1. With (1) in contact with a strand residue (DSSP E or B) (Cβ under 8 Å, 6 or more places away or on another chain); (2) over 30 Å from residue 334 (Cβ atoms); (3) open to solvent by 50 Å² or more (accessible area, probe 1.4 Å) as the list, and residue 489 as the residue in question, which single condition is left unmet?
2. Only residues that are touching a strand residue (DSSP E or B) at 6+ places or on another chain (Cβ under 8 Å) and farther than 25 Å from residue 237 by Cβ: list them for segment 347-379, please.
3. Sort through 464, 452, 472, 420 and tell me the only one that's within 30 Å of residue 108 (Cβ to Cβ) and either aliphatic (A, V, I, L, M) or in contact (Cβ under 8 Å) with a residue 60 or more places away in the chain (or both).
4. Looking at 202, 186 in this structure, which one is on the phi < 0 side of the Ramachandran plot and either crowded, with 16+ Cβ neighbours inside 10 Å or touching a Ser or Thr at 6+ places or on another chain (Cβ under 7 Å) (or both)?
5. If I filter segment 212-223 for residues that are touching a residue at least 40 places away in the same chain (Cβ under 8 Å), in a helix (DSSP H, G or I) and either touching a Leu at 6+ places or on another chain (Cβ under 9 Å) or more than 21 Å from residue 343 (Cα to Cα) (or both), do I get at least one hit?
6. Just the residues that are of a type in the set (Ser, Thr, Tyr) and part of a strand (DSSP E or B), please, taken from segment 327-367.
7. For segment 393-412: of the residues being without any contact (Cβ under 8 Å) to a residue 60 or more places away in the chain and farther than 18 Å from residue 264 by Cα, which is surrounded by the most Cβ atoms within 10 Å (Cβ to Cβ)?
8. Give me the residue from segment 117-131 that is part of a strand (DSSP E or B) and over 22 Å from the mean Cα position of the chain (by Cα) and, out of that set, surrounded by the most Cβ atoms within 10 Å (Cβ to Cβ).
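The values are calculated or read from the model by the stated rules, or taken from the named source; none is laboratory data. Predicted model, so just to flag it, every value in this text is computed and none were measured. Here Cβ is always computed from backbone atoms with ideal geometry, including for glycine, and neighbour counts include all displayed protein chains. These accessible areas exclude ligands, DNA and RNA; they are computed on the full protein's heavy atoms, side chains included. Shrake-Rupley method; radii C 1.70, N 1.55, O 1.52, S 1.80 Å.
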Amino acid sequence: MAFTEAEEAKLRTIIGAFDGGQQVDDLPLATDEVQDKKIEVFDDKTGASGKMDLRQAVRLSNAPSCGRCWNMDNSTPKAAGWFGSLEMLRDLQDVLGLGGYLVKNDHSRRKLDPTNHYRFANGEVAKLDGSMGHYQWGWGKKFYLAFYQIGRLFYEEISLSPIAGQYNYVIPVGSMSAHGHACIDRTTDTLVSYVNEDVNYRGGDNNATYDGTFRTMIGRAATNKTTEYFRAAARKNGSGWLCGTMRHFTVVKVLFEIIFGTRDMQAAFNATRDADGLHQGGLGSGVTNAGAWWGTDFGYRPILPTSVGIELGDQCGVSTYNVLKEDGSTYYAAPVPVFFGLKNPFGHLWRQMDDEFVRCNEDTSTTHLVAPSIYGNWTIGNEAGMVAYSTSPIKGESYIKQVSYDNLENFPTVTGASASTYHCDYFWNTSGVTSGFRLCLRGCDANCGVLSGSAALNVHNAVSGADVTWGSPLCEAEEEWSVVPTYAPAS
């Protein structure tokens, strides 16, 4: 077959380039400066070649990191893309050690088998009734988070080493109640994370008249206590133990966003990974669509046992729990969301927060007050010992368009979104209040529907409030957890 004139010209060009090619040793010596230099990289999983900034390649080889970025000009909750080590992002659960643990009061912990939380990873029997520690969900390695903006892209990056050239939040090894909420030892008034059906751990408001009925509070999470009560009950476990914290809640939100690539935690669950081998979709609606019967027949008390979802181990997915009527028929097939073993990261009951509340200002804005140390002394409703960070100018209620990730706040600063745009969750702000303090309640309850999610926040209620729809997880960290980032110089 004869070549065309154009094809012959191309062949001459190729032959000339080949003849003029140089070996590596023949190339001119490059300068020592690495900026603006590229290298070719090959993905042995996809077979694709690409280019990478040399400085980024050196950093990733020494200290891999990964993350997602969002286009701030787009309303979609989905990330604009991923960056960094694809291998690390695919396997981030294993890199961080996400999953179920039994944690003792001295913060020593043992990893549970990822497929069976009733045994340890080595096969030994694990008891979740409190005799071997608290049944917790968490991470087994310290890691680093960085949030930054380049142009109109917002980045969330994670690494096991400080991220060079960025302000890093140091996340110590920590955990929270695997059920999503905690119980109370009614004898000692201690907040505990047990799966135990002894009457000493009766949940809700400790209503014994429900025992033995379809409404039973045996084996349920504790509610109807003030936040100060939950704080004191958590500290009876020792130093470094708290009730629900902004810190833990923000970590769950950010881990979900990085791993799943969306801010809509209520998106439909999808067990199939995308073309890059990454998680996609969300965790479903959650236990957020109960109905009027929850109030009329249960008095808005907890409807899920602490044993719910354990069968999924460290997987992500949805565990269905049938809430039954007195005649044995089903009120509600509750779709319990599970995030690598963490049940109910949103929904079922509101979470009362230990390390944050808000101050109402004269102009009706609200200022976020945060405890700077997990070991400090503070009182909910007293500004002493707290640090004022973001102020929300928002008046009234609306879906969240923007949150502040500064100081790990996860605090709404702009609203005007919807259930399917931006953060997809709702902010219940004070309305016309010009003084005083209000609680931070997170995550929503079983009747909040599409308003729910990992960014949802309610600051309506007085700091002295308590309610049967409010509970709190038991949280801990094995060392200090600052909310002030530290700059890691670029090499």
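1. Exception for residue 489: condition (1).
2. 347, 358, 359, 360, 361, 365, 366, 367, 368
3. Residue meeting the stated conditions: 472.
4. 202
5. no
6. 330, 331, 332, 366, 367
7. 394
8. Applying the filter and picking the extreme gives 120.
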